[in-house]
Each structure stands twice: as structure tokens, then as C-alpha cells.
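The values are calculated or read from the model by the stated rules, or taken from the named source; none is laboratory data. Values in this document were obtained by computation on a predicted structure and should not be read as measured data. Because the Cβ atoms are built from the backbone with ideal geometry, glycine has one as well, and the counts that use them run over all protein chains shown.
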Amino acid sequence: GNSVTQMEGPVTLSEEAFLTINCTYTATGYPSLFWYVQYPGEGLQLLLKATKADDKGSNKGFEATYRKETTSFHLEKGSVQVSDSAVYFCALYYGNNRLAFGKGNQVVVIP
Amino acid sequence: GAGVSQSPSNKVTEKGKDVELRCDPISGHTALYWYRQRLGQGLEFLIYFQGNSAPDKSGLPSDRFSAERTGESVSTLTIQRTQQEDSAVYLCASSLAPGGYEQYFGPGTRLTVT
């Protein structure tokens, strides 16, 4: 079936550090890929998306590239801020009326 | 404009009781989704509504779970005879249309079954 795997465990880093959160997926064909973010006390909101291979989604300094050859959609940001502290979810959509989510990664940015 | 709203925000109930959770989607959004988020887990799909079509109930974990939607407006998720394993955050989302359109999520209802 269609599934998403995110790296285990929370991520703690200092302000202005480089952030990478790994996401790999299993799906037949070409799903659409998403990163959602959940800030403390708020609902999930879409951060960025890519709908076909080699597309790069970007928003708020975050980027992710849809890599068909490695079935990956890793999230990166060059210089994180304290305000980026949140839980980040990778998700895919494959035409079956639902998003399939990874387990999420808590990111804590220390001043 | 207003986003997706859910009520209540928190619900504590005793095992065996029934609970009803409410979702108000964004006006004009034809597609509505319910997901469940257990502690430390990703979101699990529960049910999907699209207009007046028959809902996709394939994600409901047991027959204790049911959901209704009136046209393209409010939806309610009902859990009968709650069990402790039903404790989770229940999230509702809506989208302008079905397919890979952006899903807008509500803040969720945190259900605790004691």
C-alpha cells in the first residue's frame, strides 16, 4: 500500500543551524507529496507540496525536492529560527480520497 | 475567512459512553475528511465525504464509529461505547474539491477515555 516513513525521534538544533528531515515513501506510480507543519496549539497547515518528479516545493525558506529515483521528499531549511519549532509531517496523496501521513518529527530550535 | 472549526476542543468521557464530535468545514468546500492522531503516531484516515456521494468509510476502525454530513456543511463523528484505545486527537479537514487539492485542517478534538 501507499505509505510514508519519517526519520525517528525529535530534532533539536540551535538557531541558524541547517535542518534536514528525511521522508521516504512507498507508492506505485506518481503520488503528490506534501509537508504539513503543526505549530504549538495550532492545527496542521500545508507548508509545501510537489506533484511530479523533480518538482521542488518551497515556502518560508523550506524546500523539498520530489526524487522519484530514491522515493524521497526530504525537507530542508538553511537557517532555522526559534519560530520554526513545530511538528513536521510528510504526506502523500495517491488519488484514493485521503492523505497518508508519516509519524511526524518534533523540531525544537534553541536560541 | 473562517477556517475549519471543531467542537469540543477537549472531551473527557468514561469508558462505555457515547461521544459526538463536530466539524464545520470551510464554506464552499465540497470534500470533508476525518483523521485520528494517536499519541506519537501519524494521522490515520477515518472517513471521507464528497458532496452527496456515498462516503468512503474504509478507514473506520470498528462499527462503533460512524459519521454523518449534511449536504456540504457540518459533519459529526460519533463513537459509541468508547474504549480507552479511542483516546486520540480527532482532526477534521476540508478541501475545495476531491483529489490532490490542499486539505485545510481544524484544530482537532482531544478525546480522553478514562
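Applying a threshold of 9 Å to beta carbon distances and a minimum spacing of six or more residues, or different chains, the list of pairs starting in the range B:94-114 at a residue that is closer than 18 Å to B:GLY3 by Cβ and more than 9 Å from chain A (Cβ to nearest Cβ) and ending at one that is surrounded by fewer than 18 Cβ atoms within 10 Å (Cβ to Cβ) and of a type in the set (Asp, Glu) reads B:SER95/B:GLU102; B:LEU96/B:GLU102. Selection of strands (runs of 3 or more DSSP E) fully inside the range A:50-101 by the criterion of at least 2 residues being within 14 Å of chain B (Cβ to nearest Cβ) and surrounded by fewer than 14 Cβ atoms within 10 Å (Cβ to Cβ) returns nothing. Consider B:THR78 carefully, then state whether it is away from chain A (no Cβ under 13 Å) and without any contact (Cβ under 8 Å) to a residue 24 or more places away in the chain. Against the criterion (away from chain A (no Cβ under 13 Å) and without any contact (Cβ under 8 Å) to a residue 24 or more places away in the chain), B:THR78 does not qualify.
Quick check on the range B:56-70. Is at least one of its residues of a type outside the set (Gly, Ala, Ser), within 13 Å of chain A (Cβ to nearest Cβ) and crowded, with 17+ Cβ neighbours inside 10 Å?
Initially, the range B:56-70 is screened for residues of a type outside the set (Gly, Ala, Ser), giving B:56-57, B:60-61, B:63-65, B:68-70.
Narrowing further to those that are within 13 Å of chain A (Cβ to nearest Cβ): B:56-57, B:60.
From what's left, crowded, with 17+ Cβ neighbours inside 10 Å: B:56, B:60.
Yes, the conditions are met somewhere in the range B:56-70.
So for the range A:33-53 (the condition being in contact with a strand residue (DSSP E or B) (Cβ under 7 Å, 6 or more places away or on another chain), on the phi > 0 side of the Ramachandran plot and not hydrophobic (A, V, I, L, M, F, W, C)), does at least one residue qualify? For the range A:33-53, residues in contact with a strand residue (DSSP E or B) (Cβ under 7 Å, 6 or more places away or on another chain), on the phi > 0 side of the Ramachandran plot and not hydrophobic (A, V, I, L, M, F, W, C): absent.
Each row is one residue, and each column tells you yes or no for (1) more than 15 Å from B:ALA88 (Cβ to Cβ); (2) at pLDDT 95 or above.
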site: B:SER7; (1), (2): yes, yes
site: B:ASN10; (1), (2): no, yes
site: B:GLN37; (1), (2): no, no
site: B:GLY40; (1), (2): no, no
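For the range A:1-22, the candidate set comprises residues that are exposed (fewer than 12 other Cβ atoms within 10 Å of the Cβ) and not hydroxyl-bearing (Ser, Thr, Tyr); within that set, the residue that is farthest from A:PRO111 (Cα to Cα) is A:GLY1. Got a sec? Which of B:TYR48, B:TYR90, B:TYR33, B:TYR104 is in contact with a Cys (Cβ under 8 Å, 6 or more places away or on another chain) and of a type in the set (Phe, Trp, Tyr)? When all the criteria are applied, what remains is B:TYR33. In the set A:TYR25, A:TYR36, only one residue is within 20 Å of B:TYR48 (Cβ to Cβ), within 14 Å of chain B (Cβ to nearest Cβ) and surrounded by 15 or more Cβ atoms within 10 Å (Cβ to Cβ); that residue is A:TYR36.
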